[in-house]
1. With the condition being more than 14 Å from chain A (Cβ to nearest Cβ) and modelled with pLDDT of 95 or more, I'd like the helices (runs of 4 or more DSSP H) fully within the range B:169-262 carrying at least 3 qualifying residues.
2. With A:Asp70, A:Asp109, A:Asp116 as the choices, which residue is under 25 Å from A:Arg139 (Cα atoms), in the same structural domain as A:Pro31 (by TED's automatic domain parsing) and either of a type outside the set (Phe, Trp, Tyr) or at pLDDT 95 or above (or both)?
3. Quick one: B:Leu116 ticks every box in (1) within 14 Å of chain A (Cβ to nearest Cβ); (2) under 21 Å from B:Asp195 (Cβ atoms); (3) touching a Gly at 6+ places or on another chain (Cβ under 9 Å); (4) not acidic (Asp, Glu) except a single one, so which number is it?
4. Which of the following residues is assigned to a loop (DSSP other than H, G, I, E, B) and away from chain B (no Cβ under 14 Å): A:Pro242, A:Pro233?
5. Regarding the range B:248-256, can at least one residue be identified that is touching a residue at least 12 places away in the same chain (Cβ under 8 Å) and more than 14 Å from B:Ala132 (Cα to Cα)?
6. Please go through the range B:133-149 and pick out each residue that is under 13 Å from B:Ser182 (Cβ atoms) and more than 14 Å from chain A (Cβ to nearest Cβ).
7. For the range B:239-250, which residues satisfy the criterion of being closer than 15 Å to B:Phe222 by Cβ and either basic (Lys, Arg) or crowded, with 17+ Cβ neighbours inside 10 Å (or both)?
8. Report, by residue number, each residue of the range A:185-202 that is part of a loop (DSSP other than H, G, I, E, B) and over 24 Å from B:Lys17 (Cα atoms).
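The values are calculated or read from the model by the stated rules, or taken from the named source; none is laboratory data. From a predicted model like this one, the values you see are computed outputs, not experimental measurements. Using ideal geometry, Cβ is built from the backbone for each residue, glycine included, and neighbour counts are taken over all protein chains shown.
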Amino acid sequence: MSSLRAHIALVLSKMTYRLLRVLGRNASNAPGLVALKVCPDYLAQVARCPLCVCVTGTNGKTTVTNMIADVLVANGYSVSTNRLGSNIAPGIAAALTNSVSWSGRPLKDACVLEVDERASRLILPFVKPTFLVVTNLFRDSLKRNAHPDYIFDVIDTYTPKQTTLILNADDLCSARLGEHAGNERIFFGITEVEGDVTQSVNLVADYSFCPHCLTTLQYDHLRYHHIGHATCPSCGFSSPGPDYLVRRFTQDDQALIVEHGEATHAYPLVNEVIFNVYNELAAIVALTRIGLTEAQIETGLSSLSVPDTRLKQTTVGSVRVVQAMSKGQSCVSCSRTLDYVRQEPGRKVVVLIMDDYYDRKNSVEFIGWIYDADYEFLNDPDVVQVLACGPRCYDHQVRLLLAGVPKERIVCCEDELDAPHHVITDGVDAVYVLYDTSTVDVAMKVKAGIIHGLEVHQ
Amino acid sequence: MRVEILYPQVCCLYGDKANAMYLRHCLPQAEFIETSLTDEPTFVREDVDLVYLCSMSEQNQELVIDLLAPLRDRIRTLMDEERTLFLLTGNALELVGSYIEREDGSRKEALGLFGLHAVRQTPRRFNSLILAEFEGMKIVGYTSRFSHSYVDEPKVYGQSTDRTATGDVGDAVPSADNTQISLFTVVKGVGLNPDTMLEGIRTPSVYATYLLGPLLIANPDFTKHLVDKLGAHTGTLPFDREVRLAYDKKLAEYSKPGIELE
């Protein structure tokens, strides 16, 4: 800790932490706010642990951060992390405060930090991570993140040259990070799996042309959106070859088979959903490069599970009521959920509760993102009813009509709480309640109302 | 009738593709051509009634300028002869200006068809609801961008609602004449930049606006005007009732006093 100001910031930050803990708060953010207020360049001043791993990207960064931290702790490392705090500068500052003593001496073996991709410009140059894991880059909130090219530029510009990048070879939006700066880059990927296609079924693919000759890329296998392995038919450009490749992941024996060079190792499969396989693989690669042995990683992973808060179901009689997270403003998250619903067997009702809760208070949500989301997946004979709920319900209705959903299958509910009264359940196998992070409370009320209706009906 | 959608691989941000999606329903007899980055645009050698270009990343703006720059004279001829309507949404508007000033002060020369230039201010993102007027109708829209546009010379641009009383979209290039006016007059929000309520560019053959996303679906009367202008007169629009229901709801919300625009 080089300056007196930084030291004062550290002491005040630690005192804030102590005070909040006495008050029973988790103290994951305010100590960082105090530190940054007193010393704006606190992140650069605070002493660094011997090891610092940052994780960023559009999706999966929380899961990967927690996996890396948990496996390290399981192997005896002392770790400071921002898992309970924010992933922007104050949350990072609070985690760094906890990683050093009152005198500023590093106390922990490692810092493992989830970093908001847009805020990474204010964090990475100062924290100077040993490793930066980038899970993927997709288009996300228009207001915050603009577009993937912008986020790519932010991360690419502000990642220190000495940082080793751990990148998703199957995501060309992020795989080219560090290319020009000359960072050491390690790639991970998943080999072709059942269900992969060669032609996109999604409306949005944010990496579709060759960066060298502009020719439309051809995908040897395409998983969703732009995730897959692409080659340019004109100049030979292609997705990078993965250094760590998942050859197989099997639900039967819960194994994740990872190939690295000549060696192959079976790790416990934490979750078989494809994006969680990517998350686990990213964590395995980071842990391997940190220096853990395969056995150590295996031991750490064996006790982990991915909390499935995004998908919960209740069965009443023969009808399943499923709540499924579908982040509003995020066409990729929404499309992934709609694709999941489409592929589930049986006759379904889908309830859309994705209108931003905060925008509705005294503004109007920009609804353009629904035209990037694959509402066409709901144009399916098995989807017998779609309830468009919330203040933008009439916009959803138009979107559904343009997607080809028959008009008679669409119901609009300006007040989401009216939805249970309109849900048809006769001859239906499942009702899916799709909700945004901001509408979870109202969605749970709707779900409860639907369950109540089913119970009364019985 | 032919509609050419330029570079949908990169010009596809923010739900802008909704406009082409809706136009396909509005113009069922029309031929829709999607031109990729390696193709020569159809309008270069053949008649096209409508060319649509929409939002893209700042990096791709520069790429598209490079692709269109050799075609500048052809584009200008089509504009001057009013044979083709150019519909530009989002930051596609900036491509027809004289230049784009980057964050570091350097310039990317644009097509130079109109006397205005854009100034990027990344990472400052400007988001706003826009309530505007167009030929007596109310337009509801949204803008989200890293840049604003400014006229190259301080002359009278559009009508008297200009806060600064500056700027005709000027004499910087010969094709820019006094027939140029703004496309929309903003009632809530801002226009081409925070100092003007004038928004977009309108000539007989160019409709350009910073508004982005499903502009046509959100504004049925404007779409009807556009379809009529293309000579494909229609009594009612596809999904007319539902589209108007969404429009009426949104217009009522936009019109509320004190609504938060950002």
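1. Where helices (runs of 4 or more DSSP H) fall fully within the range B:169-262 and carry at least 3 residues being more than 14 Å from chain A (Cβ to nearest Cβ) and modelled with pLDDT of 95 or more, they are B:220-229.
2. A:Asp116
3. Among (1) within 14 Å of chain A (Cβ to nearest Cβ); (2) under 21 Å from B:Asp195 (Cβ atoms); (3) touching a Gly at 6+ places or on another chain (Cβ under 9 Å); (4) not acidic (Asp, Glu), the lone unmet condition for B:Leu116 is (1).
4. Numbers: A:Pro233 fails: away from chain B (no Cβ under 14 Å).
Answer to the selection: A:Pro242.
5. Going residue by residue through the range B:248-256, those that are touching a residue at least 12 places away in the same chain (Cβ under 8 Å) are B:250-251, B:254-255.
Pick out the ones that are also more than 14 Å from B:Ala132 (Cα to Cα) and you get none.
Checking the range B:248-256: not a single residue is touching a residue at least 12 places away in the same chain (Cβ under 8 Å) and more than 14 Å from B:Ala132 (Cα to Cα).
6. Result: B:Glu133, B:Phe134, B:Glu135, B:Ser149.
7. Residues of the range B:239-250 that are closer than 15 Å to B:Phe222 by Cβ, as a first pass: B:240, B:243-244, B:246-248, B:250.
Of everything in the range B:239-250, those that are closer than 15 Å to B:Phe222 by Cβ and either basic (Lys, Arg) or crowded, with 17+ Cβ neighbours inside 10 Å (or both) turn out to be B:Val243, B:Arg244, B:Ala246, B:Tyr247, B:Lys250.
8. Of all residues in the range A:185-202, those part of a loop (DSSP other than H, G, I, E, B) come to A:191-196, A:198-202.
Result: A:Thr191, A:Glu192, A:Val193, A:Glu194, A:Gly195, A:Asp196.
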